[in-house]
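Asks: There's a structure below that I have some questions on.
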């Protein structure tokens, strides 16, 4: 090999390396610029009664600084603040179904956000009677709202809220950050009840809502990166029911409309999700169950990434 040919090869190799490095830098920049979704479990308790160890059902997905709130159990506005999110970052609110542990603070979230820093339109989505609920909540708080408009110079809250009722499977909404799809699930006697899939720029997140095992949910969650699913620990139900005066009726409801640890694991496996996040725990207060109890009850049925949710956990 001559000196000149060796020099030419060196120059060619150096050029190739430079091009590769330039491409790597470009790819890294592209990845860095790609919006990253944040999933925060605001409340992980199941059931309508306040619990000392878990807040009521709610979660938020944040993309590009925009917050998409799913379910509004009591205390959701404070949980958003504890998660260090501005209430004004809220742009959409979704209800999975009309049960008080999921909708008790629907109106309060909007009112408290407006009283803090919300001054733009918020679209709300969920089953009927969402439009009438919104109207009645505004009427209930009319005195306070009118007072604050006059005394504090706030915009009309009524003009900021646009409610949409959904009653069937399919596309709910799509914007520059997310595509949201709904699937009917089974949560008797409440109907319709929905699960939602959020296809974000970086991953897909499915929120089960309350449901017994549902083929619709399995289809919705196919191949999802994250499935947040309600869960019930069957061996602990008797201790929970012993504290209830309506034990038989409550037992019948829980068994007919929720998913056990085994069923949740099998659902996640059938859907082929990458990560399963347990939430909406039943029991959610007493009896107090350690994280490993939940984990060990689901693990035999799901081999993927298994996470026992807790309030304010970010994923």
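The values are calculated or read from the model by the stated rules, or taken from the named source; none is laboratory data. Source: prediction; values computed, not measured. Reconstructed Cβ throughout: ideal geometry from the backbone, glycine too, with neighbour counts over all protein chains shown.
Asks: When you look at residue 197, is it assigned by TED's automatic domain parsing to the domain that holds residue 68, touching a helix residue (DSSP H, G or I) at 6+ places or on another chain (Cβ under 9 Å) and part of a loop (DSSP other than H, G, I, E, B), yes or no?
Replies: For residue 197, the condition - assigned by TED's automatic domain parsing to the domain that holds residue 68, touching a helix residue (DSSP H, G or I) at 6+ places or on another chain (Cβ under 9 Å) and part of a loop (DSSP other than H, G, I, E, B) - is not met.
Asks: Let me ask another. Go through segment 245-271 and give me each residue that's part of a loop (DSSP other than H, G, I, E, B) and either under 18 Å from residue 185 (Cα atoms) or touching a residue at least 60 places away in the same chain (Cβ under 8 Å) (or both).
Replies: 258, 259, listed by residue number.
Asks: Checking residue 167 against (1) farther than 21 Å from residue 91 by Cβ; (2) at pLDDT 95 or above; (3) not in a strand (DSSP E or B): exactly one of these is not met. Which one?
Replies: Evaluating residue 167 over (1) farther than 21 Å from residue 91 by Cβ; (2) at pLDDT 95 or above; (3) not in a strand (DSSP E or B) leaves (2) as the failure.
Asks: Can you say whether residue 280 is in contact with a strand residue (DSSP E or B) (Cβ under 7 Å, 6 or more places away or on another chain), at positive phi and not in a helix (DSSP H, G or I), as far as the supplied structure shows?
Replies: Here the answer is yes, as residue 280 does meet what is asked.
Asks: Checking residue 292 against (1) part of a loop (DSSP other than H, G, I, E, B); (2) farther than 24 Å from residue 97 by Cβ; (3) free of Cβ contacts under 8 Å to residues at least 24 places away in the same chain: exactly one of these is not met. Which one?
Replies: The single condition residue 292 does not satisfy is (1).
Asks: Turning to a different aspect of this structure: Among the residues that make up segment 149-158, is at least one of them in the same structural domain as residue 222 (by TED's automatic domain parsing), surrounded by fewer than 16 Cβ atoms within 10 Å (Cβ to Cβ) and under 24 Å from residue 127 (Cα atoms)?
Replies: No, segment 149-158 has no match at all.
Asks: Kindly indicate whether any position in segment 233-243 is modelled with pLDDT of 95 or more and surrounded by 15 or more Cβ atoms within 10 Å (Cβ to Cβ).
Replies: yes
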